[in-house]
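In what follows, a structure is listed as structure tokens, so that the remarks can point back to it.
Read-outs: derived from the displayed coordinates by stated rules, not from any lab. Keep in mind that this is a model prediction, so the values were computed, not measured. Cβ atoms come from the backbone with ideal geometry, glycine included; neighbour counts cover every protein chain shown.
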Amino acid sequence: MNRQLASLCVQKLSVPTGNPPQQLPLHLSSSFSFETVEESIAVFEGQKEGFVYSRYANPTISALAQRIADLEAFDTGIHAHALMTSSGMAAIHVLMLALFPKGGKLLTQGNLYGGTTELFIKVLAGLNIEPVFADLRDAHQVEDFLQNNPDTGAIFLETPSNPGMDIVDLATISSIAKRYGCKTIVDNTCCTPLIQRPMSHGIDFVIHSTTKYLNGHGTGIAGIIVSPDESWMRGRVWEVLKLTGATCNAFDAWMVANGLRTLALRMQRHSENAGRLAHFLMSHPAVSRVNYPGLNSHPGHALASRQMDLFGGLLSFEVAGGRDAALRVMNKLRLASIAPTFGDVETLVLHPATSSHLKVPLDMRLANGITDGLVRVSTGIEAPNDLISDFEEALRG
Ligand SMILES: *Cc1c(COP(=O)(O)O)cnc(C)c1O
């Protein structure tokens, strides 16, 4: 074989310069090259902006991360920074390792995403980060706790919680935490910045599983950490991310960038469908309870109206008759699929007690309303009447 042909195959390919592509390029390159060693030194020493290695940063990922940061910071005057991670769980894990180098107490709630509760109990507790579960809707309880536990490094919360849809007051939590020098972290996955922007209420860090609404089409796993605090983000958080290798991959980020283009349209329709379905379920005799912050009867309705722009696409309801009745209804749905995720364009249902919350301690699960008859719905963007007919049919008999 001709050896020059072999060398030509191997030689670096470059895109011809010219007008730029209309869509975000997908940079599938583990490393980035330099014209000279001096340039390499300048980038490594941080004197020159540049890419080095995709575990440190990647152009596709950075472009998307900054867009999500800008959405989270919208209309606040804040310049936010963001780092994408390999999953939502990685975002939480990396941030905790960064914020708690020597351990300490982490104040949180019992009704978190099931995986997060497990991470706190089974992994972080072993690293001297002690999770304490409280009702964060109770400001006095939070204040008392911080007063009596000065070693509390952070408060981690979700609002609305999922699947119970409880609402926590972001402004109240952030102002109490600031008085005690405690960081605040919000998992904003259920809302996206189109619906709720925690940094506008003074929250220090926002994390997402971009796997859900931000991707929107169920095609990849990724996460993100967003914060106005440049020194934390460029310092310790980035360092932990890069050294633990919890980095996002460019392809998953690119899929999120694609999904993000329709986020506003999707969140509008998800919310409209959830509102219509919640009202329908409320009036159904086979349903004993509906949890949706858009309902007037929801205890957090007034607060949700203040801190959320829409009420979102997630709701849960309890089928009278418990576990067997709930499973029967789920099996009879035709338009909605049974799948353990949310935020996709199609309607998805899940039985939390036997899936997402299977490994969460029973007392904690029941205390937070995750009963055996509870069904979680992530409404898709189907025509609302078709969706309601599907549930009407499934609940019949
Ligand atoms: C899915 C989810 C996570 C975990 O995200 P992954 O991308 O699956 O790692 C964390 N928090 C919430 C609220 C979620 O829904």
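Between 0 and 90 degrees, the angle of helix 139-148 with respect to the longest Cα principal axis of the chain falls at about 60 degrees. Convex hull volume per residue, computed on the Cα atoms of region 9-146, equals 222 Å³.
Quick one: Thr354, Thr172, Thr17, fewest Cβ neighbours within 10 Å first, how do they rank? Please list the in-between numbers first.
Details: Thr354 12, Thr172 17, Thr17 6.
Lowest to highest Cβ neighbour count: Thr17, Thr354, Thr172.
For the residues Gly312, Gly216, Gly50, a GNM of the chain with alpha-carbon springs under 10 Å puts the largest fluctuation on Gly50. Ala320's amide H: which non-local residues (gap 5+, or another chain) put their own amide H closer than 5 Å, with H modeled 1.01 Å from N in plane and none for Pro or chain starts? Here the answer is Val287, Ser288, since their amide H atoms fall under 5 Å of that of Ala320.
Straight-line reach from Lys102: which lysines fall under 18 Å, measuring Cα to Cα and dropping same-chain residues less than 8 apart? Partners found: Lys122, Lys183. Taking each residue as 0.36 nm, the span from Ser14 to Thr244 lengthens on full extension beyond its C-alpha to C-alpha distance by 79.7 nm. The spacing between region 1-30 and region 100-156, judged by their C-alpha centroids, is 49 Å.
So what is the calculated 222 nm ellipticity per residue for the chain, using -39500 (n - 2.57) for each DSSP H run with n of 4 or more, over all residues, to the nearest 500 deg cm²/dmol? Working shown, then result.
Numbers: 14 runs with 141 residues, N = 397.
My calculation for the chain gives -10500 deg cm²/dmol from helical runs alone.
For Ala57, the residues 5 or more places off, or on other chains, whose built amide H falls under 5 Å of its own are Val52.
Taking 29 Å as the straight-line reach from the Cα of Lys48, the lysines in range (excluding those fewer than 8 positions away in the same chain) are Lys12, Lys242.
Over region 98-151, the alpha carbon radius of gyration divided by the compact-protein estimate 2.2 N^0.38 Å works out to 1.14.
The trypsin sites (Lys or Arg not before Pro) of region 2-62 that DSSP puts in a loop, and whose beta carbon has at most 11 other beta carbons within 10 Å, are Lys12.
Under 5 Å between amide hydrogens, built in the peptide plane, is the criterion, and for Ile129 it picks out Gly104 among residues at least 5 positions away or on other chains. Of the chymotrypsin sites (Phe, Trp or Tyr not before Pro) found in region 28-88, no site is in coil according to DSSP while having at most 10 other Cβ atoms within 10 Å of its Cβ. Comparing Gln22, Gln196, Gln141 in a Gaussian network model of the chain (Cα springs below 10 Å), the most mobile by mean-square fluctuation is Gln22. Applied to region 261-276, the Karplus parametrisation 6.51 cos²θ - 1.76 cosθ + 1.60 on θ = phi - 60° returns per-residue 3J(HN,Hα) values of 4, 9, 4, 5, 4, 5, 4, 4, 6, 3, 5, 4, 5, 5, x, 5 Hz, with x for Gly and Pro.
For region 217-231, backbone phi angles converted through the Karplus equation (6.51, -1.76, 1.60; θ = phi - 60°) give residue-by-residue couplings of 10, x, 10, x, 10, 6, x, 8, 10, 10, 7, x, 7, 4, 5 Hz, Gly and Pro being listed as x.
Asp386 sits among other residues whose Cβ lies under 14 Å from its own Cβ, and their net charge, with Lys and Arg +1 and Asp and Glu -1, is -3.
Inter-label distance, His140 to Ser33: 6.8 nm, where each label sits 7 Å from its Cα along the C-beta direction.
The distance separating the Cα centre of region 299-325 from that of region 31-60 comes to 47 Å. If you take the alpha carbon atoms of the chain and fit the smallest convex hull around them, that volume is 180 Å³ per residue. For GluC sites (Glu not before Pro), no site in region 295-397 is both called loop by DSSP and has at most 10 other Cβ atoms within 10 Å. Across region 388-397, rounded Karplus estimates of 3J(HN,Hα) from the backbone phi angles (6.51 cos²θ - 1.76 cosθ + 1.60, θ = phi - 60°) give 5, 4, 4, 6, 4, 4, 5, 8, 5, x Hz, Gly and Pro being marked x.
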